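Enquirer: Dropping a structure here in structure tokens format, bear with me for questions.
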């Protein structure tokens, strides 16, 4: 499997995205569970048929671009096929002496956001730290760990130790990245509306911002057609979080509305098959 992954990493983005479109449709038709969940989520969110069909192919493209992104040599800069919009927001936050907390949904190429930040901004503002949950398969875990061993990019485990690591990074004025539409373990979230339906939502993003005074920014990586590359878009937070740290349910609802705001910009690139409304799992013992 590792050999196939490495072979794919040397193929062009255009080839991988074309193959990914077929993979997306294959997965949709071969898995009734996935198909039912996907159809249910797009219907509840009011996504039209054209965007829903496009999202099936985009989910496959998201999978097939990973070998290219994870195993790309550090000597090959992203700037050759990625442009950044909203860079001034990063400069403003760091210029005010604040850390930056980037919130990214499962939208477009979310894997590229941290790499793009590390390449463009880490030399000036320090590394970006991203929350990291190791893969279960040993071969995939090895590939993922190697991919994230890049200059300007640090990882924090999904544990109490990882939370402390992120707090320290933000207090140093560095940057942390989270996917706040991931379902957290039981006791680490609140039920809040997401496209009109209660979803168990992490409170970590709000707690980090409230404890450190970090600036909140939204970021997502748009996948361009025909393998042309990506646009990483930094945008301001849509609403301010409450100052009261006890208002966790309100904070979770605000974060979910911010994620909806991003997703509605390009709904055909959201990972609608993700099990967003599942019950949380039991928290692991520290």
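Taken together, the values in this text are just the output of simple stated rules run on the coordinates, not laboratory data. Everything quoted here is computed from the prediction, not taken from an experiment. Cβ: placed from backbone, ideal geometry, glycine included. Neighbour counts: every protein chain shown.
Enquirer: If I build a Gaussian network model for the chain, linking alpha-carbon pairs within less than 10 angstrom, which residue out of 30, 241, 103 has the largest mean-square fluctuation?
Expert: Of the options given, 30 has the highest mean-square fluctuation.
Enquirer: Now for a different question. Can you tell me the FRET efficiency between residue 10 and residue 85 if r is taken as the Cβ-Cβ distance and R0 is 30 Å, rounded to the nearest 0.05? Display every interim value, and only then the final one.
Expert: Values: r = 29 Å, r/R0 = 0.97.
It comes out at approximately 0.55.
Enquirer: Arrange 34, 230, 28 by Cβ neighbour counts within 10 Å, fewest through most, would you? Can you show the working numbers first?
Expert: Values: 34 17, 230 24, 28 20.
The fewest-first ordering by Cβ neighbours comes to 34, 28, 230.
Enquirer: Pick from 243, 51, 22 the residue whose mean-square fluctuation is largest in a GNM of the chain, springs joining Cα atoms under 10 Å.
Expert: Of the options given, 243 has the highest mean-square fluctuation.
Enquirer: Cut-off is 10 Å between beta-carbons; in what order do 75, 31, 251 appear when sorted fewest neighbours first?
Expert: Details: 75 5, 31 13, 251 24.
Fewest-to-most Cβ neighbours within 10 Å comes out as 75, 31, 251.
Enquirer: A follow-up question, please. Among 237, 202, which comes first, then next, by fewest other beta-carbon atoms within 10 Å?
Expert: Numbers: 237 18, 202 24.
Lowest count first: 237, 202.
Enquirer: When only C-alpha pairs under 8 Å and at least 6 residues apart count, what is the relative contact order of the chain, in percent?
Expert: Numbers: 507 pairs, mean separation 73.4, N = 286.
Taking the mean separation of contacting Cα pairs over the length of the chain, I get 26 percent.
Enquirer: Additional query: Relative to the present Cα-Cα distance, how much length would full extension add between residue 31 and residue 282 at 0.36 nm per residue of separation? List each step's numbers first, then the result.
Expert: On the way: separation 251, 0.36 × 251 = 90.36 nm, distance 2.64 nm.
Here the answer is 87.7 nm.
Enquirer: Here's something else I'd like to know. Using only helices, what value at 222 nm comes out for the chain when you add -39,500 (n - 2.57) per DSSP H run of length 4 or more and divide by the total residues, to the nearest 500 deg cm²/dmol?
Expert: Working: 12 runs with 131 residues, N = 286.
Dividing the helical sum by the residues of the chain leaves -14000 deg cm²/dmol.
Enquirer: Another question, then. Looking only at region 1-35, which residues have a backbone nitrogen under 15 Å from a spot 7 Å from the Cα of residue 142 in the C-beta direction?
Expert: Counting only backbone N, you get 1-7.
Enquirer: I would also like to ask the following. Given C-alpha coordinates of region 1-49, what is the ratio Rg to Rh with the Kirkwood estimate of Rh?
Expert: Values: Rg = 14.6 Å, Rh = 12.8 Å.
When Rh is taken as the Kirkwood radius, the ratio is 1.14.
Enquirer: Using Cα springs under 10 Å in a Gaussian network model of the chain, which residue among 87, 199, 215 shows the largest mean-square fluctuation?
Expert: 87
Enquirer: Over 24 Å apart: what share of the alpha carbon pairs of region 1-154 falls there, rounded to a whole percent? Provide the component values of the computation, followed by the final result.
Expert: Working: 5203 of 11781 pairs.
The calculated P(r) of region 1-154 puts 44 percent of pairs beyond 24 Å.
Enquirer: Let me ask you something else. Roughly what % antiparallel, to the nearest 5, for the DSSP beta bridges in the chain? Kindly include the intermediate steps, with their values, before the conclusion.
Expert: Details: 14 of 35 bridges.
Close to 40 percent.
Enquirer: Given the C-alpha centroids of region 75-127 and region 1-39, what is the distance between them in whole angstrom?
Expert: 27
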